Every structure is written in C-alpha cells, then in structure tokens.
Amino acid sequence: MKCLVIREPSKELINCIIGINQGWRHEKPGKRGITHLLEHAIFFGNKSYPNPDEEAARYGVELEGMTLEEKTLFYFTSLKRDFSKILNMFLSIIFHPEFDEVKLEKEKKEKIITAVINEADYPPWDLAEEWAENLIFNWQFKTSLGTKKDIESINRKDLILWHKKYYWEGNSFILIYGDIKEKEIEKLIENAHIPKNGEMPSPYYVNHNKKEIYIEKVGMKNVETVYGFEIKRYDICWEVLKTILHDYLEDKLEKYTYMIDLKLKWTNTNGGLFIYLGISSPKYIKEVDKNLWIILRNLKIDKKKLDLVKKIINIEIIKMKEEGEKGLLKFISFNPFLKYKDFKEMIEEVKKIEKEEALNLTKELLTKENMVKVSVGPCRI
C-alpha cells in the first residue's frame, strides 16, 4: 500500500485519506453503479465494527466516502490522540467488509438508484463541460453513478467479487497530514492485514467519434461553450498556464462573454484542459472562435506576469495546508499521482517553471487538431 505522510508537528488535527485506484470509469455495462454502491456498503461495517458511523461519532469524527472516475476515496479528520483507533476501524471496514443483504437492498433503493444521473437535470454550462470530458476521456458521464437496471441486478455476491478484485494493497494508497510518524502508520497498516493480491482495473472506453457537438436548448439566449484539449502527460506547469490563460482570455474576450473559467482534470493515463466560455449571444460564436485561436497562437508571457502567477499558485498550495480534509483533497487534485511528497516540494517545483516551458505546452497541445468543442445554446434556425 503506497503511504505518504506529510508530518506537521504543530498541527492539532490529523487528516487522512485512504484511496482505492478504482472508479466508475472501470465499470462495464451490467455493472454500472457497482463502484458507488460498494463505497456506500463499506459503511455497513463488519463484525468487529457493526456501527462504524456511531463508533466514530463518539470521538467527534465523521467518516466520509467519495466515488470518482478512477478512484474511490475514504477520509476523516480526528484529534491526534484518537487517530489510531479511527484508522484501525476504517482500515478494517474498508478492506474486510461484511455486506448485510437487508441493508444492501435498502441502500440501493434509497440512496443509489435515486442518485442515477438524468442529463436533462444538468444546467447548460455543466452539460457542456460534462460532454467535453466525454469526448476527451472517452467515457460516459450519464452512467457514472450507474443505471437503474444495472443497480437493481447487482447483488451481495457481485460486491464481494468486485471488492476482492480491487481492494488490495497494490491498488490502494494512504495520505496523511498531521503530527504522526510514518513508522506508526506502517504498523497500523500491517495490523490491518490488507489483502496482498488482486487485479488492476482497466478503463472502459466509450468512443463518441465526434470532435464537436452542439446541443440545442429551447428558450436559451446565450451559448455555453467548452473547448477541451487532451494533455498527454502530467505536468504541474499546466496550473500556471491555466491561470495565465484565464487572465489573457478575460482581457481579450470581454466584449463577447459574460463568464470565463478554466479547469484541469487528470486521469490515471492522461489529462484535459477545459476552457469554458459563457457567450452572450449566438451572433458572437464565430467571433469568439476566431479570436480564441488568435490568442492561443500569439500568447506572450512576460517574466513579471509569470512571477505573479507562480505566487498565486504558491498561495493556493499553502492554503491547502490550512483547509483540513478539503485541502488534502485539493492536494490530490494538484498532485494526482502523489509525485510530490508534500506541499513544500510542490511549491519548489512551481518556482522552477520557465515561460518557455509554458509556451511550448501551448504550441504543442492547444491546437485545433487536439481540440474538442461542445456548445449548448438556443435552437439554430
């Protein structure tokens, strides 16, 4: 089990994330929704801890779980003196669960099926973003939390087999921030008897075979557009470039837009940069498109601007240290492969970034050939 401990002796609380490198992207038809269901079923507990939420509450602790595209995360925050007890319990129920069938059926009906995504419920800007991710990553966001038919068919045996496949030491990690030594964590992990064998999950690809999509919505007057670009490999330089581009686009496209936002997303194999543009009117679509490519082709980065942006990113990283669970989850999003062992190492890496590196990434990947485009707007005449 990969273990990363960020030791901070002055910290009164300890934040902990236990991650399994398996998410909804690894589900095939017939099993869509099993990852989310398994995440919930972990909290049913086992013989040693039949009521884990109640047990944790005695220490003022709330146990949490999260289903992502290629990860399932379990996390909590506790006082230092209670940490070992809570971690012992959490490791026990995560890696040695006992799925109560009555609870399982109840959870399916009340929490899992009711969470199934309905695309019609998405606001236009979210819909454009989700579809842009579909095209970049070759997945289908509509089935990320399962389908009613698949969930209804999943039973206790399915959960046991799925858990046995992916919940093992080679496919898991633990990230801890607080006043504790790595050797103490290693001992707790050893005592948890985490399974040593299993499988590595493989992505299930949905090939949409499209580069551009326009989704019509009756009654809209504006157009929500997302440009997506595939990133071949992880590089923290993209955080700097994202901020520079945001400011540049706001300055140059202010006449045509009411909102601009940029987002980075990483998977286990690649990443994506997504440029969201809230375009004020359909009549500006062509003008925005033309100007965007002029901006990307002629991007200039001066040293003063680069130094300012690096300071902004460094402040973002430092803020993670003070935001508890939220900050540690951000640390994973900034550092998805746990390449950097702590906040300081990330900051030092950002300081090394030169403008030529950022400009080269722009020229290499922010091109029309590497682009997808999704727009949601009024019906076209």
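The figures follow:
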item	result
Point-charge dipole on Cβ atoms (K/R +1, D/E -1) for the stretch 136-187, about Cα centre, debye to 20	340 debye
Most positive-pole-ward Cα, LEU135, ILE160, ASN118, against dipole of the stretch 97-175 from beta carbon charges	ILE160
For the chain: relative contact order, % (alpha-carbon pairs under 8 angstrom, 6 or more apart)	23 percent
Cα-based equivalent ellipsoid, the stretch 240-381: semi-axes from gyration tensor eigenvalues, Å	30, 18, 15
Relative intensity, log₁₀ I(q)/I(0), of the stretch 60-188 from a Debye sum that treats every alpha carbon as a point, q = 0.10, 0.11, 0.12, 0.23 Å⁻¹	-0.47, -0.57, -0.66, -1.41
Length-normalised contact order for the stretch 309-381 - Cα pairs under 8 Å, 6+ apart - percent	26 percent
Projected label distance in nm at TYR258 and ASN370, using a 7 Å step from Cα toward the beta-carbon	3.3 nm
Equivalent ellipsoid semi-axes, the stretch 208-305, via Cα gyration tensor eigenvalues times 5, rooted, Å	24, 19, 11
Formal net charge of residues neighbouring ILE318 (Cβ-Cβ distance under 11 Å; K, R +1; D, E -1)	+1
Per DSSP, loop GluC sites (Glu not before Pro) in the stretch 157-251 with at most 15 further Cβ within 10 Å	GLU199
Summed side-chain charge close to ILE18 - residues other than ILE18 whose Cβ falls under 12 Å, Lys, Arg +1, Asp, Glu -1	-1
Cleavage-rule hits, GluC sites (Glu not before Pro), the stretch 22-77, DSSP coil, Cβ neighbours within 10 Å at most 10	none
Quotient of C-alpha Rg and 2.2 N^0.38 Å, computed over the stretch 273-357	1.44
For the chain, convex hull of alpha carbons as volume per residue, Å³	149 Å³
For LEU37, net neighbour charge (Lys/Arg +1, Asp/Glu -1) across residues whose Cβ lies under 14 Å away	+1
The stretch 1-155 - charge dipole about Cα centre, Lys and Arg +1 at Cβ, Asp and Glu -1, debye rounded to 20	500 debye
Mean accessible surface per residue for the chain, computed with a 1.4 Å probe while every protein chain stays in place, in Å²	49 Å²
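The values are calculated or read from the model by the stated rules, or taken from the named source; none is laboratory data. These figures come from a predicted structure and were not determined experimentally. As a convention, Cβ positions derive from the backbone with ideal geometry for all residues, glycine included, and neighbour counts pool all protein chains shown. Note: accessible area is taken over every heavy atom of the protein model, side chains too, but ligands, DNA and RNA are not part of it. Shrake-Rupley method; radii C 1.70, N 1.55, O 1.52, S 1.80 Å.
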